[in-house]
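Participant: Questions regarding the structure given below will be posed in turn.
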Amino acid sequence: MTHKTLAQTLFKSADKLRKNIDAAEYKHIVLGLVFLKYISDSFQATFERVQSEGGDTEDKDEYLAYNAFFVPTKARWGYIMENAKQSNIGSLLDNAMQTIEQENPSLKGVLPKVYAKENLDSICLGGLIDLLSNLSLQGDSTQSSDILGHIFEYFLGEFALSEGKKGGQFYTPKSVVELLIAMLEPYKGRVFDPCCGSGGMFVQSELFVQSHQGSIDDISIYGQESNQTTWRLAKMNLAIRQIDSSQVKWNSEGSFLNDAHKDLKADFVIANPPFNDSDYSGELLKLDGRWKFGTPPTTNANYAWIQHFLYHLAPKGVAGFVLAKGSLTSNTATEGEIRKNLIESNLIDCIVNLPAKLFLNTQIPASLWFIRRSKTNKEILFIDARNCGELINRKNRILTQEDIQRISQTYHAWQKAQNPRGTDFADSKDSKAQNLTNTDSQNLESTPPYTDIKGFCKSASLQEVAALGYTLTPGRFVGLEESEEDFDFETEFTRLKEELQSQMQEEEALNKRILANLALIEK
């Protein structure tokens, strides 16, 4: 059974036990147990090692040498499993989380203590414990960590889907994160996400390095999150991957008002900030030193985020981030002037137009921006990926691995074409070359040279961008695919009509159920 299949099976079983508990609340219950299982398994493996070497198994200092968390006796999975059918299992779990935090300062304030709540019965908890207890984790603690890491990540995504709009506040769709990482290739250096959510950008960065046989010690992560509940998810998500999260900070003010990493100059900035945020305290920041390219409007944080990312970029740093598509053309207040200044300063490297329905919390069209400080070529690559991806349900789409490969390889081929003798592209690759596997090297050699493709990609000069009023919409540059000239209006109209009818039928059925429930309540 693959990791994904195992995670899917577990999630379906866990979801059956949810009953009337809201998904937003249930995710902390389930993810907390997954984390407890991980931390206990890791402790047990280290316990056996300390024991075999004649050490004191109850001395927590013994575990520091192995970079393992110390788990007190009544917080270990064996004890929890023995008491899974007890009526007070909720209290036992809350106490277990509390004692783990007491013994491990890095987890202080992180673990959920929600198991003794009245709406969560002991039968449900017992069932969840049995599910995880029956999980076959053969091999060493590293394999156990990897499996539970996949489960944690998969559960985060599924809970985000269940929560819909609220889920998008803590979770960036995995395929979008994978695309950002594939384009940025963070092999070595400092990786920063100032609105890090549940930590997906960091996890994918580490997985990228590992998949290319590099050392995870070659990158260090820095993050900030203003929502404490989401920050807790991030800390658990990173701990279960054995990623150092000591520089992932929380404060309620957020990155603009209380920058937790004021002096950081990062090699990579990877982020998905809130779209069109109108409540970022812009009135208090009008004279902020970060606004080198113009003061952003107080009613929209998009261009505040761009300049915040730039402020934290090292001299040869590169940033990749998600923004609402409207940011590509907006002239509200000072936004058009700021965009013009960014373009004329030769900071914009690439713009990717994303397909609809990728994000859980909004239907607002989105784009990816890539900004490079050491850029020497006077071109911007535009990629129109609106036709990419596949629907996983009526409301949600994902980018396929083929999409991710095509888009990222187009970007890298363009970089290589723009800098054939080295300069900024070659310099940025120096630290990566030693980490490339033979397969990677072959892939690089076999990657076709860059060429503009009508309807998909276009390398435009800064003069061409200026001629179009400094707008950055890829569709303005790449043109239409040849096949679009054969557009079948009647077929498309029929498809849209059927989709609308289906939505109306679903809404009608939902309204009937609501009215029926109200009638029952009145009785």
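Participant: List the residue pairs whose Cβ atoms are under 7 Å apart, where the first residue sits in region 96-117 and is under 21 Å from A23 (Cβ atoms), the second is of a type in the set (S, T, Y), and the two are 6 or more positions apart or on different chains.
Facilitator: A116/S91
Participant: Now for a different question. Among the numbered conditions (1) within 20 Å of G197 (Cβ to Cβ); (2) in contact with a helix residue (DSSP H, G or I) (Cβ under 6 Å, 6 or more places away or on another chain), tell me where L381 comes up short.
Facilitator: Failing condition for L381: (1).
Participant: Same structure again: Quick check: is even one residue across region 164-171 under 20 Å from I147 (Cα atoms), modelled with pLDDT under 90, open to solvent by 50 Å² or more (accessible area, probe 1.4 Å) and over 12 Å from the mean Cα position of the chain (by Cα)?
Facilitator: Among the residues of region 164-171, not one is under 20 Å from I147 (Cα atoms), modelled with pLDDT under 90, open to solvent by 50 Å² or more (accessible area, probe 1.4 Å) and over 12 Å from the mean Cα position of the chain (by Cα), which makes the answer no.
Participant: Checking D263 against (1) closer than 22 Å to G200 by Cβ; (2) at pLDDT 95 or above; (3) out of contact with any strand residue (DSSP E or B) (no Cβ under 9 Å at 6 or more places or on another chain): exactly one of these is not met. Which one?
Facilitator: (1)
Participant: Looking at (1) at pLDDT below 95; (2) open to solvent by 10 Å² or more (accessible area, probe 1.4 Å), can you tell me which one A160 breaks?
Facilitator: (2)
Participant: Restricting to region 299-341, name every residue that is without any contact (Cβ under 8 Å) to a residue 24 or more places away in the chain and more than 29 Å from A356 (Cβ to Cβ).
Facilitator: Y311 - this is the single residue of region 299-341 that is without any contact (Cβ under 8 Å) to a residue 24 or more places away in the chain and more than 29 Å from A356 (Cβ to Cβ).
Participant: Quick check on my filter: what residues within region 197-228 are under 17 Å from S255 (Cβ atoms), in contact with a Phe, Trp or Tyr (Cβ under 7 Å, 6 or more places away or on another chain) and hydrophobic (A, V, I, L, M, F, W, C)?
Facilitator: Correct list: I221 only.
Participant: Now for a different question. I need a count of the residues in region 352-384 that are touching a residue at least 60 places away in the same chain (Cβ under 8 Å), under 15 Å from S175 (Cα atoms) and assigned to a loop (DSSP other than H, G, I, E, B).
Facilitator: The number of residues fulfilling the criteria is 4.
Participant: Can you name the residue in region 248-270 that is in contact with a His (Cβ under 9 Å, 6 or more places away or on another chain) and under 29 Å from E25 (Cβ atoms) and, of all such residues, is most open to solvent (accessible area, probe 1.4 Å)?
Facilitator: K249
Participant: I'd like to know if region 302-324 contains one or more residues that are part of a loop (DSSP other than H, G, I, E, B), of a type in the set (A, V, I, L, M, F, W, C) and either open to solvent by 10 Å² or more (accessible area, probe 1.4 Å) or at pLDDT 95 or above (or both).
Facilitator: no
Participant: How many residues does region 173-201 contain that are out of contact with any strand residue (DSSP E or B) (no Cβ under 8 Å at 6 or more places or on another chain) and open to solvent by 10 Å² or more (accessible area, probe 1.4 Å)?
Facilitator: 4
Participant: Check V203 against each of (1) touching a His at 6+ places or on another chain (Cβ under 9 Å); (2) of a type outside the set (S, T, Y); (3) within 30 Å of R406 (Cα to Cα); (4) in contact (Cβ under 8 Å) with a residue 40 or more places away in the chain and name the one condition it does not meet.
Facilitator: For V203, the exception is condition (1).
Participant: If you take the residues of region 387-405 that are of a type outside the set (A, V, I, L, M) and surrounded by 18 or more Cβ atoms within 10 Å (Cβ to Cβ), which of them is farthest from T471 (Cα to Cα)? Please lay out each step first, then the result.
Facilitator: Narrowing region 387-405 to residues of a type outside the set (A, V, I, L, M): 387-390, 393-397, 400-403, 405.
Adding the requirement that they be surrounded by 18 or more Cβ atoms within 10 Å (Cβ to Cβ) leaves 388-389, 397, 403.
Details: C388: 22, G389: 25, R397: 27, D403: 25 Å.
Filtering region 387-405 for residues that are of a type outside the set (A, V, I, L, M) and surrounded by 18 or more Cβ atoms within 10 Å (Cβ to Cβ), the one farthest from T471 (Cα to Cα) comes out as R397.
Participant: Restricted to region 331-366, and to residues that are at pLDDT 95 or above and of a type in the set (K, R), which residue is surrounded by the fewest Cβ atoms within 10 Å (Cβ to Cβ)?
Facilitator: K340
Participant: Filter region 1-12 down to residues that are open to solvent by 40 Å² or more (accessible area, probe 1.4 Å) and modelled with pLDDT under 85, then give me how many there are.
Facilitator: If we filter region 1-12 for residues that are open to solvent by 40 Å² or more (accessible area, probe 1.4 Å), which is where we start, we get 1-5, 8-9, 12.
Now restrict to residues that are modelled with pLDDT under 85: 1-5.
Residues that pass the stated criteria total 5.
The values are calculated or read from the model by the stated rules, or taken from the named source; none is laboratory data. All values reported here derive from a predicted model rather than from experimental measurement. When we count neighbours, we look across all protein chains shown, and the Cβ atoms used for this are built from the backbone with ideal geometry, even at glycine. Keep in mind that these areas ignore ligands, DNA and RNA; they rest on the heavy atoms of the full protein, side chains included. Shrake-Rupley method; radii C 1.70, N 1.55, O 1.52, S 1.80 Å.
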